[in-house]
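Each remark here refers to the structure printed beneath this line.
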Amino acid sequence: MKKSLSSMLMLLIAMTAFLVSCKSTKDYVYLKDLAPGVYPKEPTRHTILQPGDRLSISVLNDKQELTTPFNSRTGYYVSPESGEISQASASGAEITQGYLISSEGYIEYPVLGKLQVSGLTLREVSDLIKAKIIQEGRLKNPSVTVEILNFKVFIIGQGNGTQSLSTRDGQLTLLQALARIDLSSSYRINNVKVIRELDGQRLVYEVDLQTKELYNSPAYYLQQNDMIYVEPRYRMRDEVNIALRYISVVTAVSSFATTMIYLFKK
């Protein structure tokens, strides 16, 4: 009888350890409440341009010679690790390039002069320039492409310190950004913070990557210069918490087994 009870005790302890380990594994699961099915998609939140953004603008038309005044800056863009935007000329010398949005919110564009673009999206800037070119009688049906050259977001607390990510079309989601880095199980995914500066305010969003509600967060579509903070799992603290959890469960099981042994002895 004693041998049987001892075996039962060992089995209960093993089962308890298994269940606790399963629970801790769930802490690393993304979107665990997202079941198969069709979900409504939130409208894409396009990047809103701000002072300090640098734009690439190109104008195309079937009569290419007529677009020359609007594409006076030749060469190709380069974006080194420093984040400074420059353009390599035919001679190989690098020159500062792109249309910088001033602190007042405008750019100086060839032929058209000052254009107020702060607060607009890339598409709206494209439409604005196209309309003004047509209004000036320069071209009948120009194609205008606008890209942002210095769109960057920063991820703090991952791997080797801060990491920056960039894109030219100004479209980057939180999941896309985190998918580009090595986000291992040593980081907490249920409390990712996104810090954003907007209209003179610093906004802080908390996002839980384990729930589908992240798609509804204002921070899901990132804006330029967003700071993403991924909190590391503190190994010592977590190990202590797990140890305490084991101790409490094992103590309860042991007390139950001891009571059972005592009753059987009687």
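Can you list residues from other chains, or at least 5 along the same chain, whose modelled amide H is less than 5 Å from the amide H of residue 117?
When sequence neighbours closer than 5 places are left aside, the close amide H contacts are 106, 107.
Between residue 195 and residue 116, what length in nm is gained on full extension when 0.36 nm per residue of separation is reduced by their alpha carbon distance?
So the extension gain works out to 25.8 nm.
Can you compute the modelled spin-label distance between residue 62 and residue 168, with each label point 7 Å from Cα toward Cβ, in nm?
It is 2.6 nm.
Quick check on packing: order 197-204, 120-127 by the mean number of other C-beta atoms within 10 Å, highest mean leading.
Sorting 197-204, 120-127 by mean packing, highest first, produces 120-127, 197-204.
Work out the FRET efficiency for residue 203 and residue 132 from their Cβ-Cβ distance, taking R0 = 35 Å, and round it to the nearest 0.05.
Step by step, r from the Cβ atoms, then E = 0.55.
Apply 1/(1 + (r/R0)^6) to the Cβ-Cβ distance of residue 216 and residue 181, taking R0 = 25 Å, and write down the FRET efficiency to the nearest 0.05.
My answer for the efficiency is 0.60.
Mind ranking 215-222, 60-67 by how tightly packed they are, going by the mean number of other C-beta atoms within 10 angstrom, highest first?
Going from most to least packed, we get 215-222, 60-67.
If DNA, RNA and ligands are ignored and the probe is 1.4 Å, what is the ranking of 106, 229, 187 by accessible area, most exposed first?
229, 106, 187
The values are calculated or read from the model by the stated rules, or taken from the named source; none is laboratory data. Remember, it's a predicted structure, so these values are computed and weren't measured experimentally. Reconstructed Cβ throughout: ideal geometry from the backbone, glycine too, with neighbour counts over all protein chains shown. To get the accessible areas, we keep the full protein, side chains included, count just its heavy atoms, and leave off ligands, DNA and RNA. Shrake-Rupley method; radii C 1.70, N 1.55, O 1.52, S 1.80 Å.
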